[in-house]
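J.: One structure follows; several queries about it will come next.
The values are calculated or read from the model by the stated rules, or taken from the named source; none is laboratory data. Treat the numbers as computed from the prediction; the structure is a model and nothing was measured. Backbone-built Cβ (ideal geometry, glycine too); neighbour counts: all protein chains shown. Calculation scope for accessible area: heavy atoms of the full protein, side chains included, ligands and nucleic acids excluded. Shrake-Rupley method; radii C 1.70, N 1.55, O 1.52, S 1.80 Å.
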Amino acid sequence: MKLIISGGGTGGHIFPAVAIANEVRRRHPEAEILFVGANGRMEMTRVPEAGYNIVGLDIAGLQRSLTPKNLLFPIKVMRAVRKAGKIIEKFRPDAVVGVGGYASAPVLMAATSRSIPALIQEQNSYAGLVNKLMARRVQRICVAYDGMEKFFPADRLVLTGNPVRTEIADGQRNEALAFFGLDANRPVLLVIGGSLGARTLNQATAAALPRLREAGVQLIWQTGKTYFPEAEKQAAPFAADNLKALEFVRRMDLAYAAADVVISRAGALSVSELCLTGKPSILVPSPNVAEDHQTKNALALTQKDAAILVRDAEAGAQLYDEALALLQNPARQQQLAANIRQLAYPQATATIVDELLRLLPAAPNS
């Protein structure tokens, strides 16, 4: 079995792609899996770290503002499709998976024009441009939210949820508290701004450090690489109070296990992990994403009383009022936790791979 998985750009695309690859490899260790990403994007380092080969295309998205770079966009797409076609002809995959992101479109175009079966995995409640453009060329579209018929052909849709690492929910609280050096008798707040960090969350958190110390709250604060040097200086005077700034949290299973409340952006991967871990959450959607899709992701939860929404523009004034109120209200935490767990899809990765294997010309036993 030979598969190509294409896409990337952010952790929200890359980690689901790796989860799908891991599930295929778990079932069929002999399978050959090749990733195709965009040169210069984070998949070019993250995917090899996960143990898979990746080839890069010279492709980038359209700029939202008027710029001469957009004039070159059609030429770059044509070149990327041509290179993707050469990759496909050399590798000869049995099927192709697109997870969204710049590199996904050229690979899906090249594959479907050669009658190679293809599957799309859409993480968000508002479909990405690439996936919308490719929807009628592929055989299956796996989605994480109800109501996606407004974007995709209904006869190709399968509601699967997002593929996340199921072990993310396996962390033990005692181990987690020891790992982060935290006090079991004091509440823990986890702040995560996505794989690249979040300016609004970091600014609001830095300003709230004195309030957190006064309230006896402990903090695990993932800042992202860009913001870490400044955040490290800001948190240093509060280290004795267990208010910790970290560039990147690799043991997210333990971070979730330690946390009583989570503040997060509303990327698809983050939302799916919060559902799986059942954490009381305050979501601050990023305004800097296509079609404001993070707000739509957040509303899918808040409309079911499964999370609290704070708008990015209001975070400076409201975020830590909401966070401290929730940390002091165990009954409300339990209510949010119960509701968000109802939205989890723990078998998402397995279901997506089931659908993928059904597309193969001679479908192997799953």
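J.: So which residues in the stretch 1-53 are part of a loop (DSSP other than H, G, I, E, B), of a type in the set (Val, Ile, Thr) and within 26 Å of residue 114 (Cα to Cα)?
T.: Matches in the stretch 1-53: none.
J.: I'd like the residue in the stretch 294-303 that is in contact with a helix residue (DSSP H, G or I) (Cβ under 8 Å, 6 or more places away or on another chain) and not small (Gly, Ala, Ser) and, out of all such residues, is surrounded by the most Cβ atoms within 10 Å (Cβ to Cβ).
T.: In this case the residue turns out to be 297.
J.: I'd like to check something: does the stretch 208-226 contain any residue that is among the charged types (D, E, K, R) and within 20 Å of residue 14 (Cβ to Cβ)?
T.: Checking the stretch 208-226: at least one residue is among the charged types (D, E, K, R) and within 20 Å of residue 14 (Cβ to Cβ).
J.: Among the residues of the stretch 54-75, are any open to solvent by 80 Å² or more (accessible area, probe 1.4 Å) and at pLDDT 90 or above?
T.: no
J.: So which residues in the stretch 24-46 are crowded, with 20+ Cβ neighbours inside 10 Å and at pLDDT below 95, if there are any at all?
T.: 37, 38, 41, 43, 46
J.: For the stretch 304-327, check the following and say yes or no: at least one residue is touching an Asp or Glu at 6+ places or on another chain (Cβ under 7 Å) and not β-branched (Val, Ile, Thr).
T.: Yes: the stretch 304-327 contains one or more residues that are touching an Asp or Glu at 6+ places or on another chain (Cβ under 7 Å) and not β-branched (Val, Ile, Thr).
J.: Filtering the stretch 304-326 down to residues that are free of Cβ contacts under 8 Å to residues at least 40 places away in the same chain and small (Gly, Ala, Ser), which residue is surrounded by the most Cβ atoms within 10 Å (Cβ to Cβ)?
T.: Per the stated criteria, the residue is 307.
J.: Can you list the helices (runs of 4 or more DSSP H) found entirely within the stretch 159-261 that contain at least 1 residues being open to solvent by less than 10 Å² (accessible area, probe 1.4 Å), aromatic (Phe, Trp, Tyr) and within 30 Å of residue 351 (Cβ to Cβ)?
T.: 252-258
J.: Of all residues in the stretch 118-146, which are in contact (Cβ under 8 Å) with a residue 60 or more places away in the chain, in contact with a Pro (Cβ under 8 Å, 6 or more places away or on another chain) and part of a strand (DSSP E or B)?
T.: Scanning the stretch 118-146 gives a single hit, 121.
J.: Among the candidates 266, 257, which residue alone is on the phi < 0 side of the Ramachandran plot and out of contact with any Pro (no Cβ under 8 Å at 6 or more places or on another chain)?
T.: Answer to the selection: 257.
J.: Can we say residue 127 is more than 25 Å from residue 361 (Cβ to Cβ) and open to solvent by less than 10 Å² (accessible area, probe 1.4 Å)?
T.: For residue 127, the condition - more than 25 Å from residue 361 (Cβ to Cβ) and open to solvent by less than 10 Å² (accessible area, probe 1.4 Å) - is met.
J.: Consider residue 286 against the criteria (1) in a loop (DSSP other than H, G, I, E, B); (2) modelled with pLDDT under 95; (3) surrounded by 24 or more Cβ atoms within 10 Å (Cβ to Cβ): it satisfies all of them except one. Which criterion is unmet?
T.: Failing condition for residue 286: (3).
J.: Could you go through the stretch 180-192 and let me know if any residue there is farther than 20 Å from residue 248 by Cβ and of a type in the set (A, V, I, L, M, F, W, C).
T.: Scanning the stretch 180-192 turns up at least one residue that is farther than 20 Å from residue 248 by Cβ and of a type in the set (A, V, I, L, M, F, W, C).
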